[in-house]
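**Student:** Structure incoming, see below.
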Amino acid sequence: MRQTRRKKRKKIVLTAVGVAVLAISLAAAATSYLWEDSVTVSKSPADVLTPEITKPLVESDSFIDIRLAAAGDIMFHNAQLKSGYDAKTDTYNFKSVFDGVKPIISAADLAIANFETTTNGSDPHKFTGYPRFNSPDEVIDAIQYAGFDVMSTANNHSLDMGRQGIIRTVQKIQKSGMDTVGTYEKRPETRVLMKNVKGIKLAFMSYTESTNGLEGTLSPDELDAMINIVDEQKMKEDIQYSKKQGADAIIAFLHWGNEYERTPSRKQEQLAKLLVSEGVDIILGSHPHVIQKSEHLTSGGSRGFVVYSMGNFISNQRYETLENEYTEDGVIINFDIQKNKKTNETIIKNIEYVPTWVYRNMENGQQTYTYQILPILNYMDSKHISMEFKARMQRSYKDTITRLDAGKTAS
Ligand SMILES: [Zn+2]
């Protein structure tokens, strides 16, 4: 039976390639940037090296190559809501926030991040930031514009607008053309999101450690059905389901750990080991709002990659608001995944970090802040950024790379 063969699917192999720290300049000519001069166009190795004709053409037909991009927390605090509002037209628009990262996110075959707010509409509610997030639907337009394909929606703010908030948020994201994983309108047939990307089957699961004590807004049955709260049994079931579906790679998005702690908790490390031993290949962490380390894990005979926290992709958390500069730091992680069609083996060929920094400035004559997510290396030469901000970007870049690499020395 095919079933038995599938059970013995080739485990994804994590090649021991180092994590390449590269500034990628995916500056497509057609892309319009907020700051045109800031895009550095560097040659990729492929342009520089003379290609050797050593392999027959048919060889490339045996492989499928895809790129998966992941980012951390996407949040919209009150100051951001103000900045996206146009009083003249009474409309919101957040697209420009993502202009700097759009070329990188769009270049991936599949991009995923954590949607840490709700979109429950403005009637009868109001749009609000912390502590109960309810954002205009235009935030979804902006995220989709940036090039994201999947939103992980299980987090401690999923229940901020109660049952209706979960339902409307999922509906609006899906209507935009993106997929959701982690929260559901009603009990789903499966909690796993399967995506076939050019012939590589990716299984996504998403879980949160906490819902900020708002569990009571759902009945016990709804809570069980509509939001994935960390539960080892459920997670094991999801992994088994993914394997049965013939997943080439299993990716778990985890909302976990302690806020503002730059080191993963014991609980995070234990859960990561368990998930890897059960068959998860990539664990993408978020919630601490600061970067935590990444590492290759071996557990129960399986190998996996974990990044414990990818920091804030966009938020109003920063030195000026929290006296915590690390909350300004984020990262896009690019995973180059390759499947050998002959052997059915799937490997992660390369992992690349693109550190990002949240720019916030009240520019000349403005009444509100301008927010931009900047891939740091692409903007270090920009004429439009002050020396003070460049120093902050330099600090951010160094801290992010050092933090992410901290796992390299661990076992
Ligand atoms: Zn959170």
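**Student:** Residue by residue through segment 366-376, which ³J(HN,Hα) values in whole Hz follow from phi under the Karplus form 6.51 cos²θ - 1.76 cosθ + 1.60 (θ = phi - 60°), with glycine and proline marked x?
**Tutor:** In residue order, the calculated couplings are 7, 9, 10, 6, 9, 10, 8, 8, 10, x, 3 Hz.
**Student:** Another question, then. Charges only on Cβ, +1 for Lys and Arg, -1 for Asp and Glu: so what's the dipole of segment 194-306 about the Cα centre, in debye to the nearest 20? Kindly include the intermediate steps, with their values, before the conclusion.
**Tutor:** Values: 13 positive and 16 negative charges, 128 e Å.
Using only the charged Cβ atoms, the result is roughly 620 debye.
**Student:** Filter the trypsin sites (Lys or Arg not before Pro) in segment 310-411 down to the DSSP loop ones having no more than 16 other Cβ atoms within 10 Å, then list what survives.
**Tutor:** 341, 342, 383
**Student:** Just going by the charge dipole of segment 359-403, with Lys and Arg at +1 and Asp and Glu at -1 on Cβ, which of 400, 386, 369 is farthest out on the positive end?
**Tutor:** Final value for the positive-end residue is 400.
**Student:** Continuing with the same structure: Please give the Cα centre distance for segment 318-385 versus segment 189-262, rounded to the nearest Å.
**Tutor:** 25 Å
**Student:** Once label points are set 7 Å from the Cα along Cα→Cβ at both residue 215 and residue 171, what is their separation, rounded to one decimal in nm?
**Tutor:** According to this spin-label approximation, the distance is 2.8 nm.
**Student:** Now for a separate question. Setting aside same-chain residues fewer than 8 positions from residue 88, which aspartates and glutamates have a Cα under 17 Å from its Cα?
**Tutor:** Answer for residue 88, where 17 Å is the Cα cut-off: 138, listed by chain and number.
**Student:** What does the extension gain come out to for residue 231 and residue 277, with contour length at 0.36 nm per residue minus their alpha carbon separation? Present the calculation step by step, with values, prior to reporting the outcome.
**Tutor:** On the way: separation 46, 0.36 × 46 = 16.56 nm, distance 1.56 nm.
Result for the pair: 15.0 nm of gain on full extension.
**Student:** Which net charge results when you count Lys and Arg as +1 and Asp and Glu as -1 among the other residues whose beta-carbon is under 13 Å from that of residue 216?
**Tutor:** Details: positive: 163; negative: 215, 222.
Overall, the nearby charge balance is -1.
**Student:** Here's something else I'd like to know. Hey, how much of the P(r) for segment 49-208 falls beyond 22 Å, as a percent of Cα pairs?
**Tutor:** Numbers: 5994 of 12720 pairs.
Summing the P(r) of segment 49-208 above 22 Å gives 47 percent of all pairs.
**Student:** Any chance you could run the full-extension gain for residue 88 through residue 388? It's 0.36 nm times the residue separation minus the Cα-Cα distance, nm to one decimal. Walk me through the intermediate numbers first.
**Tutor:** Values: separation 300, 0.36 × 300 = 108.00 nm, distance 3.32 nm.
That pair, residue 88 and residue 388, stretches by 104.7 nm at full extension.
**Student:** Under a crude label model (7 Å from the Cα following the beta-carbon direction), how far is residue 240 from residue 194 in nanometres?
**Tutor:** About 1.7 nm, to one decimal.
**Student:** For the pair residue 141/residue 369, report the inter-label distance in nm, with labels modelled 7 Å from Cα in the Cβ direction.
**Tutor:** 2.3 nm
**Student:** For residue 349 and residue 265, what is the calculated FRET efficiency with R₀ set at 41 Å and r taken between the beta-carbons, to the nearest 0.05? Don't jump to the answer; show the numbers that get you there.
**Tutor:** Working: r = 31 Å, r/R0 = 0.75.
Computed FRET efficiency for residue 349 and residue 265 comes out at 0.85.
Every number here is computed from the coordinates shown, using simple stated rules; none is lab data. These figures come from a predicted structure and were not determined experimentally. Quick reminder, even Gly has a Cβ in these numbers, built from the backbone with ideal geometry, and neighbours come from all protein chains shown.
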